[in-house]
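Trainee: One structure is given below, represented as structure tokens, and several questions about it will come after.
The values are calculated or read from the model by the stated rules, or taken from the named source; none is laboratory data. Please read all numbers here as calculations on a predicted model, not as lab measurements. Here the Cβ positions follow ideal geometry from the backbone for every residue, glycine too, while neighbour counts run over all protein chains shown. Heavy atoms of the whole protein, side chains included, go into the accessibility calculation; ligands, DNA and RNA do not. Shrake-Rupley method; radii C 1.70, N 1.55, O 1.52, S 1.80 Å.
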Amino acid sequence: MMHKEITEAERRNAIENAVTIVRRNLPQYTYKCQDANSVNGIYPAIDNIEWTTGFWPGELWLSYLATDDEIFAHAAGVFTESFRERIKKHIMVDHHDMGFLYTPSCVAAWQIKKDAHAREAAILAADNLISRFQEKGQFLQAWGTMGARDNYRYIIDCLLNLPLLYWASDETGNEKYRDIALRHTKTCIANSFRSDWSSYHTFFMDPETGAPVRGETCQGYKADSSWARGQAWGVYGLALAYRHTGEKKYLEMFEHVSKYFMDKLPEDMIPYWDLIFTSGDEPRDSSSASIVACGFLEAADSYEKLAEYEKARHYRSLAKQLLKAVYDTCMVKADEEGVNGLVKHGTYSKKSPYNTCTPAGVDECVSWGDYYWMEALVRLGGQWKSWW
């Protein structure tokens, strides 16, 4: 079924709303970071310690690209120094989320302003990321003590951390970063997707042999369901994997993984937090819709370069349909009181009888949901050169 697409007037209105809210938030979040999710509509201000703190400076850079207002670049530059200090002092970076942290903050700062401190910080973050590579199993360990059996695993989210490694190889001329990204991707596509193209959140490997052991979930409903945001990372991650490698099989997998996601959407196109749910009162996760929209726009660009114009139009249309759904049902309006995020109805972590997550941010704004909403809107306007 064809749904309405976001119009250019609506896209401009959405950007204007977003930039107005970002500007209003500057006093609170220039020398402090936004937490991962809002609490009763308002983001707590925190130190730069979480895996999610790169998304707010990403919103600042997107606001700068949308307006050319140097106030946003100035505030983003404050975060460049914060992120440089964080990686140099190794503050809360014993995990794989270096891409989420350093790509929208520091790679963006280097790309836009040629900030040498930002480049230095991002390369140090890439070095930190490759230090988590496990030769036995060929993957980047997500978190936990390196090599420990109960954490000898990766998660599908890591596909969005890998662009930092491709960038580091391009910047330094050292292929070690790219080589590890390629090897992790190969392991991920071999194990993380089921025969129906749904995805596991996390996958365990054997620390002695490196053989695949089992797929499980931390944040999805249960091990054999498909966590919506995990499927979304798969969609965008595969589109990016194709751009960085030229491997057509990644684009082919992208089509299957995308179809599974779209087939599980309810009538209003805002996914439930786990794709096992297609109706009812379970919480939604609007952030997954925006992530997938970015993946569709990424793939559309690739199909255009391949002269596959029908597919390019198809995925661009799907992206606009998802963004229209978010616009109509989840977008925070600039004059709305009691909320300081950009997109409502996100879900960070929803507890179920079958998962191990800590509940947080259910039916709230989430920082990556705000960021990818803005990324998709700016990309649609033709003002963005990918930093992923």
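Trainee: Tell me the net charge near residue 158. Cut-off is 11 Å between Cβ atoms, residue 158 excluded, with +1 for each Lys or Arg and -1 for each Asp or Glu.
Mentor: Local charge sum for residue 158: 0.
Trainee: Taking θ as phi - 60°, what are the ³J(HN,Hα) couplings along region 339-345 by the Karplus curve (6.51, -1.76, 1.60), each to the nearest whole Hz, with x for Gly and Pro?
Mentor: Ordered by residue, 3J(HN,Hα) equals 8, 10, x, 9, 9, 8, 6 Hz.
Trainee: Using the per-residue mean of other Cβ atoms lying within 10 Å as a proxy for protection, in what order, highest first, do the peptides 228-236, 350-358 fall?
Mentor: With the highest mean Cβ count within 10 Å placed first, the list reads 228-236, 350-358.
Trainee: Amide H to amide H, which residues 5 or more places from residue 139 or on other chains are under 5 Å from it, using H placed in the peptide plane?
Mentor: 134
Trainee: Mind running the shape call on region 1-66? Use the C-alpha gyration tensor, a ≥ b ≥ c as the square roots of the eigenvalues: rounded below 1.5 for a/c, prolate if a/b tops b/c, oblate otherwise.
Mentor: prolate
Trainee: Under 10 Å, Cα contacts only: if you run a Gaussian network model on the chain, which one of 94, 281, 115 comes out with the highest mean-square fluctuation?
Mentor: Comparing 94, 281, 115 in the GNM, the peak value goes to 281.
Trainee: Taking the solvent-accessible surface of protein heavy atoms with a 1.4 Å probe, what is the per residue accessible area of the chain in Å²?
Mentor: About 38 Å² of surface per residue is accessible.
Trainee: Which of the three applies to region 170-326, rounded, prolate or oblate, going by the alpha-carbon gyration tensor with a ≥ b ≥ c and a/c under 1.5 meaning rounded?
Mentor: oblate
Trainee: What number, rounded to the nearest 500 deg cm²/dmol, is the helix-based mean residue ellipticity at 222 nm of the chain, given -39500 (n - 2.57) per DSSP H run of at least four residues and division by all its residues?
Mentor: Using -39500 (n - 2.57) per qualifying helix, the result is -16000 deg cm²/dmol.
Trainee: Quote the relative contact order of the chain in percent (integer), defining contacts as alpha-carbon pairs under 8 Å separated by 6+ residues.
Mentor: With pairs under 8 Å counted, the relative contact order is 19 percent.
Trainee: Once phi is turned into θ = phi - 60°, what whole-Hz ³J(HN,Hα) does the Karplus curve with 6.51, -1.76 and 1.60 give for every residue of region 180-190, x standing for Gly and Pro?
Mentor: Running phi through 6.51 cos²θ - 1.76 cosθ + 1.60 with θ = phi - 60° gives 5, 4, 5, 5, 5, 4, 4, 5, 4, 6, 6 Hz.
Trainee: Spin-label point model (7 Å from Cα, Cβ direction): what's the residue 256 to residue 69 distance in nm?
Mentor: 4.7
Trainee: Using per-residue counts of other Cβ atoms within 10 Å, averaged over each peptide, order 368-375, 265-272, 116-123 from highest down.
Mentor: 368-375, 116-123, 265-272
Trainee: Tally up the carbon and sulfur contribution to the accessible surface of the chain as a whole percent, 1.4 Å probe, everything protein left in place.
Mentor: 50
Trainee: To the nearest Å, what is the center-to-center distance of region 134-207 and region 224-238, using C-alpha atoms only?
Mentor: Their Cα centres are 15 Å away from one another.
Trainee: Could you pull out the chymotrypsin sites (Phe, Trp or Tyr not before Pro) across region 1-102 that fall in loop regions by DSSP (anything but H, G, I, E, B) with no more than 16 other Cβ atoms inside 10 Å?
Mentor: 31
Trainee: Once you sort the root eigenvalues of the Cα gyration tensor of region 122-228 as a ≥ b ≥ c, which label holds: rounded (a/c under 1.5), prolate (a/b larger than b/c) or oblate (the other case)?
Mentor: Taking the square roots of the gyration eigenvalues as a ≥ b ≥ c, region 122-228 is prolate.
Trainee: Hey, another quick one. Can you tally the net charge around residue 340? Count Lys and Arg as +1, Asp and Glu as -1, for every other residue whose Cβ sits under 15 Å from the Cβ of residue 340.
Mentor: For residues surrounding residue 340, the net value is -2.
Trainee: If you don't mind, there's one more thing I want to ask. Pairs of Cα atoms under 8 Å, at least six residues apart: use those to get the relative contact order of region 233-301, whole percent.
Mentor: It rounds to 37 percent for region 233-301.
Trainee: Residues with amide H under 5 Å of residue 272's amide H, sequence separation 5 or more or different chain, H placed in the peptide plane at 1.01 Å from N; which?
Mentor: So residue 272 has HN proximity to 285.
Trainee: Can you list the GluC sites (Glu not before Pro) in region 34-116 that are in a DSSP coil and have 11 or fewer other beta carbons within 10 angstrom?
Mentor: Hits after loop and neighbour filter: nothing returned.
Trainee: Please give the net charge around residue 259, taking every other residue with its beta carbon less than 12 angstrom from that of residue 259, where Lys and Arg add +1 and Asp and Glu add -1.
Mentor: Here the count lands on -3.
Trainee: Same structure, new question: Just to be sure I understand: with springs between alpha-carbon atoms less than 10 Å apart, which residue in 19, 213, 339 has the highest mean-square fluctuation in the Gaussian network model of the chain?
Mentor: Maximum among the listed residues: 213.
Trainee: Still on this model: Please compute, for the alpha-carbon atoms of the chain, the extent along each of the three principal axes and give them in descending order in Å.
Mentor: Each principal axis gives a Cα extent; for the chain these are 57, 48, 46 Å.
Trainee: Quick one: what are the phi-derived ³J(HN,Hα) couplings along region 58-72, Karplus 6.51/-1.76/1.60 with θ = phi - 60°, whole Hz, x for glycine and proline?
Mentor: Whole-Hz 3J(HN,Hα) from phi for region 58-72: x, 5, 5, 5, 5, 5, 5, 5, 7, 10, 6, 8, 5, 4, 6.
Trainee: Using Cα-Cα distances under 8 Å and only pairs 6 or more residues apart, what relative contact order does region 7-131 have, in percent?
Mentor: With pairs under 8 Å counted, the relative contact order is 22 percent.
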